[in-house]
Amino acid sequence: IEIYSLHADCKVTSRFAHTVITSKIVNRANESREATFEVELPKTAFITNFSMSIDGKVYPGIIKEKASAQKEYDTAVSRGQSAGLVKITGRKLEQFHVSVSVAAASKVTFELTYEELLKRQLGKFELLIKVRPKQLVKHFQIDVHIFEPQGIRFLEADSTFMTNELTEALTKVQNETKAHILFKPTVDQQKINPDLDETLLNGDFVVRYDVKRGATAGDIQIVNGYFVHYFAPHEMPVFPKNVIFVIDRSGSMAGRKIEQTRDALLKILQDLRPEDHFSFITFNSKVVEWKSSLLQATAENVASAAGFVQTLSASGGTDINCALLTAVSMLDKAERLPERSVSMIILLTDGQPTSGESNVEVIQGNIQKAVNGKYALFCLGFGFDVSYKFLEKMALSNGGIARRIYENADAALQLQGFYQEVATPILMKIEMQYPENAIEGLTKNNFKLFFEGSEIIVSGKISNELDLLPVEIKAQSHASDLTLKEAANVKEKEQVFQNQSYIFGNFIERLWAYLTIQQLLEKSISAQEEDKKTLEVQALELSLRYSFVTPLTSMVVTKPAGQQQTELANKPTEAG
């Protein structure tokens, strides 16, 4: 079985990435053989299309509601046929895998399309293309086209498998607003060494970039009556933080996990700003406060905390409820904290609540009542024994986010990386306001906190014939309360994309649908039962209308007669 052509074609238009992977395979044997198509795609992406064509006949993937697709499929599974086509394969990726039997001398073409909105983290956008052909490929090519009307501020492309020879196969052409990255290694350049038919191409091909930002009230783009508004202020004073680290030291944390936690906390202590206040709470079946109140991050206090962190050891049960309530009460009682400051709790745990209150619903209720919208709660789940669903619901109900920390050699770096994302809050209580009677389907437009290096994105549909789209942003910065105003000229904005030939016409509408689905699903995690249903119905309707494989839909893949007839591609979630 020979892959004679493999092409990854990615078009990024104003952060929205549309990727098509095409693999062409020929069976050179004189009997039928199994051909496999394997693509690792970002977890944040939604598959939108798949097809295979065998000897000129096309077998498309059909996207349906998950429940009805599952029914068709269960009958096939009861006959002992294989599992789904998509599984999580790491912290950033999931894998789509399909095999089909190909007759002697026949050809098959596989094509998979997926889309995602690139998320700005620590000052850049990252586009990841996983490369693993497992054999030398005669025609191998990666094309990345980027069009950013705001202007490209910087752009870099690299990979985890680059060699000097391969660097020659990489070209980058860019002007003010557009870039094209081409990676096209010959068969000789792909070889590990000239005598062996083994490929070097195994790893991540990554493009990172950021855009220029001029306007203070962000940037508005409009196509076919849909708008998107990007807002990422920079060079603003940072709010002082009041942060309590709540650290699990139960028995399961013993050994490497507690060591990595100590390493990460020592580095994080060095990153605290002098005007920050902080404290530690550690817990197993007992909850221990390092100090009875928050301390300012002076050199002396940081050194004393480092001494404490070095003594952390692990044994015993897990009382998450009591530990978090203790943290909330410490913030409630805190005195002499800076007037304008941001208070947050960062929980790190690797297990289920086993001591004290162990009913997760009760714990969620207790914490939400105690926090009462005053503080942000971030939950880090270490490894796979945590109930990620529980942590995610608790974080999202209390203005924070959850993240899984993978038990790898770089766990300490993952912890630090997370801290860096939330280390510099520069705005709070951000409200993005648009004319009420002129916008439909507005995505989330008020945000608790904005961190340096990230980006706020709001999208919607302009419902009537507006000439000007006025926007107003209200927010609190460390120095003052801000009001930023801007009005976008609808016709002019529409013009920007008119003459861009390679852009798919309705990309802002698809971006809007993608963002709306993501937000509905996120909202449903922390919603009450009856609201959950409504949110899921809306998300399902959009997933079907725009043909996205989301946690509520499935793609049914049909194969030629005589082979396992249907297989399902489902969207796996972190909570499992």
> Rounded to a whole number, what is D in µm²/s for region 241-423 from Stokes-Einstein with the Kirkwood radius over alpha-carbon pairs (37 °C, 0.692 mPa s)?
Replying inline: 204
> Quick one: ranking 319, 332 by accessible area, 1.4 Å probe, largest first, what do you get?
Replying inline: 332, 319
>> Counting just the Cα atoms, what span does region 421-576 cover along each of its three principal axes? Round to the nearest Å and put the largest first.
In response: 68, 41, 31
>> Apply the Karplus curve 6.51 cos²θ - 1.76 cosθ + 1.60, θ = phi - 60°, to the phi angles in region 436-448 and return the couplings in whole Hz, x for Gly and Pro.
In response: 4, 7, 10, 10, 10, x, 5, 6, 3, 10, 10, 9, 5
> Along region 172-178, what does the Karplus equation 6.51 cos²θ - 1.76 cosθ + 1.60 (θ = phi - 60°) give for ³J(HN,Hα), rounded to whole Hz, x for Gly and Pro?
Replying inline: 9, 10, 8, 10, 3, 10, 10
>> Given the -39500 (n - 2.57) contribution per DSSP H run of 4+ residues, what per-residue ellipticity at 222 nm results for the chain, rounded to the nearest 500 deg cm²/dmol?
In response: -7500 deg cm²/dmol
> How much accessible area per residue does the chain have, in Å², with a 1.4 Å probe?
Replying inline: 43
> Taking the alpha-carbon centroid of each part, what is the distance from region 21-48 to region 196-238 in angstrom?
Replying inline: 29
>> If you count only protein heavy atoms and use a 1.4 Å probe, how large is the accessible surface of residue 342, to the nearest 10 Å²?
In response: 10
> How large, in percent, is the carbon and sulfur part of the accessible surface of the chain at a probe radius of 1.4 Å?
Replying inline: 48
> Given a cut-off of 13 Å, what percent of all Cα-Cα pairs of region 404-464 lie beyond it?
Replying inline: 70
> Which ³J(HN,Hα) values in Hz, rounded to whole numbers, follow from the phi angles of region 159-168 under the Karplus curve 6.51 cos²θ - 1.76 cosθ + 1.60, where θ = phi - 60° and Gly and Pro get x?
Replying inline: 8, 7, 10, 4, 10, 4, 4, 5, 4, 5
> Would you list 172, 138, 124 from the most to the least accessible area, probe 1.4 Å?
Replying inline: 138, 172, 124
> In terms of the ratio Rg/(2.2 N^0.38 Å) built on C-alpha atoms, what value belongs to region 7-162?
Replying inline: 1.19
> Which is farthest toward the positive dipole end of region 2-212 among 27, 102, 147, measuring Cα position about the Cα centre, with Cβ charges +1 (Lys, Arg) and -1 (Asp, Glu)?
Replying inline: 147
> What shape does region 143-224 take by its C-alpha gyration tensor, where a ≥ b ≥ c are the square roots of the eigenvalues and a/c under 1.5 counts as rounded, a/b above b/c as prolate, and the rest as oblate?
Replying inline: prolate
> Convex hull over the alpha-carbon atoms of the chain: what's its volume per residue in Å³?
Replying inline: 178
> Once you charge only the Cβ atoms, +1 for Lys and Arg and -1 for Asp and Glu, what is the size of the charge dipole of the chain about its Cα centre, to the nearest 20 debye?
Replying inline: 380
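The values are calculated or read from the model by the stated rules, or taken from the named source; none is laboratory data. No experiment lies behind these values; they were computed from the predicted model shown. Glycine gets a Cβ as well: all are built from the backbone with ideal geometry, and neighbour counts include every protein chain shown. Just the protein is used for accessible areas: all its heavy atoms, side chains included, with ligands, DNA and RNA removed. Shrake-Rupley method; radii C 1.70, N 1.55, O 1.52, S 1.80 Å.
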